[in-house]
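Working notes, structure below.
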Amino acid sequence: MKIKFWGVRGSIPCPGANTVKYGGNTPCIEVRLKDTDRLLIIDAGSGIRELGLHMMSHDLPKGPINTEIFLTHTHWDHIMGFPFFTPIYVPGTRIRIYGPVNYEDEPLEKIVGGQLTYRYFPVRQSELASRIEYVDLKEQHLDLGDGLRIATKYLNHPVLCLGYRFEVNGKSLCTAYDTEPFRNVFSTSPDDPSYDEAVAMEGEQVAMEENRRICDFFKGADLLVYDAQYTAKEYESKRGWGHSPMEFAVSSAQRSGVKRLALFHHEPVRKDSEVDGLARTICNQEKDANMEVFFAREGMEIDL
């Protein structure tokens, strides 16, 4: 596999002088299977616009574009680039879009394609020249041919969100964003009128089990792309927002024997200089001798 980051920022695009190095586009990752040149796309944030332009010059001359998009979830920053993805306007393009079943029971076609209505955009979905198929996913395993196997895992986010594990030719790529550590939501203080010892204990056990299951999901991955929007200190006031402290991402990856960890979904107000400063402390190669840790950047390419 060859991986390229086209968007690494979280929440909202933030282009400008302070985000040139790491990039200001929201999530989009390109995955190429080397033997077949098959193209997989993870998320359709604003970064997918530049990927689409690249595909027009790189892929279209070889024949009609045929690709697959895997959405982690349908929050705005992960789908907002779809109407600006040029291949959807090209006759002959075929796209299969995978994503989690929304808790409101609205199909992917309505949520993602619903951006293409006159209320929001000058082109309607029914006017697209491409052929698009939507596939709803739950926690499951898929065999998609070419030796490609995919597993999905529910993450901890305010809307239903999936982590992905892509495996081909003995190599594995995992994603674990947008997510935060599972925690006990029940009171553990005996002084609290709502305290129930049995419920509190069960809540602790469930949270521990779910955190273990996620670690098992990306165990031994060659590359893990993990949510790292906050520092541990910032996270104290942002619990429940669905994003992880970077220190937790590193420790989880260490416990799971991950080979390379890409810290991802950067806080939109975080300047390049601030990310550089964090990298000097978080990406400590002496501490993480058996695992490479780095902050993902737009344009970064990784061969597996």
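The values are calculated or read from the model by the stated rules, or taken from the named source; none is laboratory data. Predicted, not measured: the structure shown is a model, and the values here were computed from it. Positions of Cβ are backbone-derived with ideal geometry, glycine not excepted, and every protein chain shown enters the neighbour counts.
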* Asked: more than 22 Å from residue 4 (Cα to Cα) and either among the aliphatic types (A, V, I, L, M) or without any contact (Cβ under 8 Å) to a residue 24 or more places away in the chain (or both): does that describe residue 244?
  -> no
* Structure fact -> From the option list 142, 155, 148, single residue qualifying as over 30 Å from residue 208 (Cβ atoms), touching a strand residue (DSSP E or B) at 6+ places or on another chain (Cβ under 8 Å) and of a type in the set (A, V, I, L, M, F, W, C) is 148
* **Considering residues of segment 218-241 that are part of a loop (DSSP other than H, G, I, E, B) and free of Cβ contacts under 8 Å to residues at least 24 places away in the same chain only, the residue surrounded by the most Cβ atoms within 10 Å (Cβ to Cβ)** => 238
* For segment 68-77, does any single residue satisfy the condition of being surrounded by fewer than 16 Cβ atoms within 10 Å (Cβ to Cβ) and either within 22 Å of residue 110 (Cβ to Cβ) or of a type in the set (Phe, Trp, Tyr) (or both)? -> yes
* Asked: Which one of the conditions (1) touching a helix residue (DSSP H, G or I) at 6+ places or on another chain (Cβ under 7 Å); (2) within 24 Å of residue 251 (Cα to Cα) does residue 134 fail to meet, given that it meets all the rest?
  -> (2)
* Asked: So residue 34 fits all but one of (1) within 16 Å of the chain's Cα centre (by Cα); (2) surrounded by fewer than 20 Cβ atoms within 10 Å (Cβ to Cβ); what number is the exception?
  -> (1)
* Structure fact -> segment 1-69: strands (runs of 3 or more DSSP E) wholly inside it with 1 or more residues that are farther than 28 Å from residue 270 by Cα, among the aliphatic types (A, V, I, L, M) and free of Cβ contacts under 8 Å to residues at least 60 places away in the same chain are 38-42
* Structure fact -> Of the residues in segment 91-127, those that are in a loop (DSSP other than H, G, I, E, B), more than 22 Å from the chain's Cα centre (by Cα) and surrounded by fewer than 17 Cβ atoms within 10 Å (Cβ to Cβ) come to 91, 92, 117, 118, 119, 120, 121, 122, 123, 124
* If only one of 210, 197 is among the acidic types (Asp, Glu), farther than 28 Å from residue 20 by Cα and without any contact (Cβ under 8 Å) to a residue 12 or more places away in the chain, which one is it? -> 197
* To do: Answer yes or no: is there a residue in segment 207-219 that is modelled with pLDDT of 85 or more, more than 28 Å from residue 9 (Cα to Cα) and not β-branched (Val, Ile, Thr).
  => yes
* Asked: Picking from 173, 142, 160, which residue would you name as being touching a residue at least 60 places away in the same chain (Cβ under 8 Å) and not in a loop (DSSP other than H, G, I, E, B)?
  -> 173
* Which of the following residues is among the aliphatic types (A, V, I, L, M) and over 19 Å from the mean Cα position of the chain (by Cα): 279, 249, 253? -> 279
* Single residue of segment 70-90 satisfying the filter (under 13 Å from residue 28 (Cβ atoms) and part of a loop (DSSP other than H, G, I, E, B)) that is farthest from the chain's Cα centre (by Cα) -> 85
* Name, by its number, the condition in (1) farther than 25 Å from residue 86 by Cα; (2) modelled with pLDDT of 95 or more; (3) crowded, with 16+ Cβ neighbours inside 10 Å that does not hold for residue 160. => (2)
